[in-house]
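Data first, discussion second: the structure below is written as C-alpha cells.
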Amino acid sequence: MMFRFAIVPLLLALNFSMCKKHETVSQNSQPSSTSSPTPAAPVAAASPKITKPVVDQTAQTIIFCYHRLVDKIHYPGTEITPAAFEGQMKELKDRGITVISMQDLLAWKRGEKNIPPRCAVITFDDGWKSQYEVAWPIMKKFEYPFTMFIYTEGVRGGSLGGGEAITWEQLADMRDNGVDIEAHTATHQDLREGHNIMLIASGGKRTKTKLNGPQYEQWMQNEVVGSKQLLEQRLGIKVNCFAVPFGSYNEHVKEIARGAGYEAMFTVYGQPITFTSPLDSIGRYAIEANKPKVFEDALKMIGTSTGGAAAVAEVGAKDLATQPADGETVRTALPLIKANLSGIGQIEPGSVQMRVSGLGVVPASYDPKTGTVSYQVTQKLREKSCSVFVSAKSAGKKVEAHWTFGIEEGAAARPAATTATPKR
Ligand SMILES: [Zn+2]
C-alpha cells in the first residue's frame with residue numbers, strides 16, 4: 001500500500017496533546033505588531049540616500065507545484081514521470097526562463113533584490129520520498145533551487161507518514177544543501193471552519209467531526225502555527241511561506257497565517273506573479289500527468305520570446321528620490337524636476353533622457369558624479385498634473401521611470417523657494 005493519505009482530503013488527524021503544547025509556545029513567540037510606525041524624519045530635502053537597489057518591476061515569475069515522481073502513473077492527479085519532469089526543467093532552460101529561489105522571489109517583492117525579466121520557481125508539495133530520490137538529482141543537474149512544502153504529520157513516522165513519505169533525515173540533508181523547506185500545515189486538511197475534520201487520537205483511532213469556535217481555533221493553531229514551529233525547531237530553519245492544502249482558504253485562514261508570521265501564502269490557482277501580486281494568495285501551477293497542457297499554458301503566460309533586446313525595465317519613482325515626489329502637489333508652475341539614478345547602476349553616458357508632459361523632451365542635465373538628472377522648468381506648466389518620464393541605458397538595457405505630480409491651481413509662474421505640500 002504505497003498510497004499515502006495526503007491525496008485524500010478526509011483521512012486526517014490531530015493530536016490534542018501536541019496541540020496544547022504548541023499553543024503555549026505560540027503565545028510567547030507571536031511576532032509583535034508588524035508595523036511599528038516609523039517616526040517621520042525631519043524633512044530636510046537634501047538628496048536622500050538610496051538604500052535599496054532599484055528593482056525591475058516588470059519582471060514576472062511563474063511558480064510550479066509538483067507532487068510525486070513515479071515511472072508508472074497510478075494517480076495522474078498528483079503524479080508525473082521523471083522523464084516528463086526533466087523535459088519540463090529543460091524546457092525552462094531552453095526558453096530562457098530563469099529558475100530562481102522562492103526567497104529571491106520574496107526579496108524582489110520586498111524591493112531588496114533584482115530578478116531576471118522572466119523567472120520560474122519550482123515547488124514540491126507534501127513531502128514524498130521520490131522528491132528526495134528522483135526530483136532532487138534532476139534539480140541538481142540543472143542547478144535549480146527549489147522549495148519543499150511539508151505537512152509535518154506526513155513526514156515518515158508521523159501519523160500520516162507512510163512508506164513513501166520523506167524522512168526528517170532526508171529533509172535535513174536537503175536543508176544542508178540549500179533546499180528551502182516551508183510549511184503546508186500539520187495534517188493537510190481543508191482549513192476553513194465548518195468542514196469535516198479527521199482527528200487521530202494518540203492511540204491511532206480516527207474520528208471525523210466538525211469543530212467550531214474555540215475547538216476549531218485550537219485545531220487551527222496547531223495546523224498553521226504548530227506546523228511552522230515544528231519545522232523550525234526540528235530543522236533549525238526559518239519558515240516564512242505557507243502553502244494552503246487544496247488551495248482552500250478564507251479571510252480567517254489568511255489572518256491566522258499572517259499572525260503566525262508567514263510572509264507569503266500559496267494556492268494552486270496558477271497565474272504569473274508580478275511585482276504587485278498580493279503576497280497572501282500567490283498562485284502556483286500544479287503540474288500533473290493528466291493535464292499536460294498546464295505547463296505549456298503557464299509558459300505562454302509570461303511570453304516566449306527569447307529576444308529581450310527591446311525590453312524596458314520599469315523602476316519605481318520612489319527609488320529615484322524624485323523631486324517633486326510622485327503624488328506631491330507643488331505651488332509653482334515652474335518646478336525644478338530632479339531624479340537620482342545612482343541606484344540603477346552604471347549609466348551609459350548620453351543615454352539619459354527626460355520627457356515632461358506638455359513639454360516633450362526637455363534639455364535636462366545629468367551629473368554622472370551624483371547620478372542626478374535635473375531640469376528647471378522655464379515654461380509655465382498649464383495642466384493641473386504633470387507626468388515626467390526619465391529613461392537611461394544601463395548595461396545595454398533601457399530603464400525607465402515615470403511619475404506624476406500636481407500643480408496647485410493658480411500657482412505662481414515663478415520658481416518657488418519653498419515648494420511642496422505633500423499630498424495626503
Ligand atoms: Zn498538499
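Annotation: Ala395 fulfils all but one of (1) at pLDDT below 85; (2) exposed (fewer than 15 other Cβ atoms within 10 Å of the Cβ); (3) within 18 Å of Thr322 (Cβ to Cβ); the unmet one is (3). Would you point out the residue of segment 186-221, among those that are over 18 Å from Asn250 (Cβ atoms) and among the hydrophobic types (A, V, I, L, M, F, W, C), that is farthest from the chain's Cα centre (by Cα)? By that ranking, first place goes to Ala201.
Scanning segment 81-133 for residues that are open to solvent by less than 10 Å² (accessible area, probe 1.4 Å), in a strand (DSSP E or B) and not charged (D, E, K, R) yields Cys119, Ala120, Val121, Ile122, Thr123, Phe124, Trp128.
If you take just the strands (runs of 3 or more DSSP E) that sit entirely in segment 171-279, which of them hold at least 3 residues that are within 16 Å of the ligand (Cβ to nearest atom)? Spell out the reasoning first.
Working: elements: 180-183, 196-200, 206-210, 241-243, 264-267.
Hits in segment 171-279: 180-183, 241-243, 264-267.
Among the residues making up segment 55-77, those that are surrounded by fewer than 22 Cβ atoms within 10 Å (Cβ to Cβ) and either part of a loop (DSSP other than H, G, I, E, B) or within 16 Å of the ligand (Cβ to nearest atom) (or both) are Asp56, Gln57, Thr58, Val70, Asp71, Lys72, Ile73, His74, Tyr75, Pro76, Gly77.
Of the residues making up segment 150-170, those that are within 16 Å of the ligand (Cβ to nearest atom) and assigned to a helix (DSSP H, G or I) are Thr152, Glu153, Gly154. The requirement of being open to solvent by 10 Å² or more (accessible area, probe 1.4 Å) and modelled with pLDDT of 95 or more is not satisfied by Gly270. Tell me, yes or no, whether segment 135-149 has at least one residue that is outside any strand (DSSP E or B), at pLDDT below 95, open to solvent by less than 30 Å² (accessible area, probe 1.4 Å) and not acidic (Asp, Glu). No - not one qualifying residue is present in segment 135-149.
The values are calculated or read from the model by the stated rules, or taken from the named source; none is laboratory data. This one's a predicted model, so the numbers in the text were calculated from it and none came from an experiment. Heads up, the Cβs are rebuilt from the backbone with ideal geometry, glycines too, and the neighbour counts pull from every protein chain shown. Calculation scope for accessible area: heavy atoms of the full protein, side chains included, ligands and nucleic acids excluded. Shrake-Rupley method; radii C 1.70, N 1.55, O 1.52, S 1.80 Å.
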